Each structure stands twice: as C-alpha cells, then as structure tokens.
Amino acid sequence: MTVDAVDEPFRTQLTVRLREGDTLLGVPLPGPCTFTSGDGVDVLWMGPDEYLVLAEPGRQAELAASLSRESDAVVDVSAQRTVVRLTGSHAADVLAHGCSIDLEVAPPGTCVQTLLARTGIVLMVREEGFTILVRQSFSDYFKAWLADASLEYVS
C-alpha cells in the first residue's frame, strides 16, 4: 500500500491566545505558517496571537492548567476537530487531488489553514507525511473523499 490514513481520535487540542512571550510549555513559538514540537506537544501558528496546542489524548486538564499561567486565554477545542495522519509514498499525490497548496515546496514544519475538497482543514507537513485536522462535522465527508482519492494509489 502506498497511502495509509490513520485516524487519531481524542487528541488534546487547546487554542491559546498569547500577546507576549516566546515559548509555550517550553516549546519555542512557531512563526507564520509553521509549527514547532517538543515535550510531547505540537504548537501550531494559527494567527498573530493565536496558537493551537496538540498533544496525546487525556492531557487537556494538565496542559490547560500550565497554559493558563503563561497565556492570556486557553480554550479546550478537543472535540472540534478530528485528526488524521496520512503517510506513504503517494500521500502528497492524494492531497493534490483536492488541495491548492503546492506540497512539493512545503518543507516539514509547514502548517497552513486551507481547503481540501471544499472542506476547511489545518494541514501539517511532517518528515513522515501529513497530519490533517478537519472539523468533526465534515469528518465523514472528508474520510469518504480521502478513500476515493486514494483508490488509484492502493495496490
């Protein structure tokens, strides 16, 4: 198989507003259209003073408590989006069917909000593939589209 999609349910997702500072949870803040990782969390740049913190399931309370001490506002949005990891030699080809981002020039660490098959997503480019965050209400449509777009690449 040259494309593999794995659903990662119940990921901790916290939206953080921060006007001053250069780290969150000890992780350097990312610049525009990037993300940084460390200590079991990813910090995604979502806007000039807005970040999304991703972590494994069940860390909402722990991370929210830490973040509330170092940020202006913290909101648990864990139920808002589902997380899908897309890997394999044709993962970028599958995404190219419905995404206008040129993934061939997007280095690992890139993080963008874009449309994929008319669905708003957050797309993270990683060394080993892609992480896609899609609103829960669109997840069934997204997964059906992904399965259809992957058909020609599955052996």
| remark: Treating only Lys and Arg (+1) and Asp and Glu (-1) as charged, each at its beta carbon, one finds that the range 1-55 has a dipole about its Cα centre, in Debye to the nearest 20, of 140 debye
| query | If contacts are Cα pairs under 8 angstrom and at least 6 residues apart, what is the relative contact order of the chain in percent? | reply | 26 percent
| note | the range 1-90: spread of alpha-carbon positions along the three principal axes, whole Å, largest first, is 45, 26, 22
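Once the Cα gyration tensor of the chain is diagonalised, what are the square roots of 5 times its eigenvalues, in whole Å and ordered largest first, as equivalent ellipsoid semi-axes?
Values: eigenvalues 157, 50, 35 Å².
Gyration-tensor ellipsoid for the chain: 28, 16, 13 Å.
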| Using θ = phi - 60° and Karplus 6.51 cos²θ - 1.76 cosθ + 1.60, couplings along the range 122-133 (whole Hz; Gly, Pro as x) | 10, 10, 10, 9, 10, 4, 8, x, 9, 10, 10, 10
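Where a number appears in this text, it was derived from the coordinates with a stated rule and is not lab data. Note that the structure is a prediction, hence the values are computed from the model and not measured. Reconstructed Cβ throughout: ideal geometry from the backbone, glycine too, with neighbour counts over all protein chains shown.
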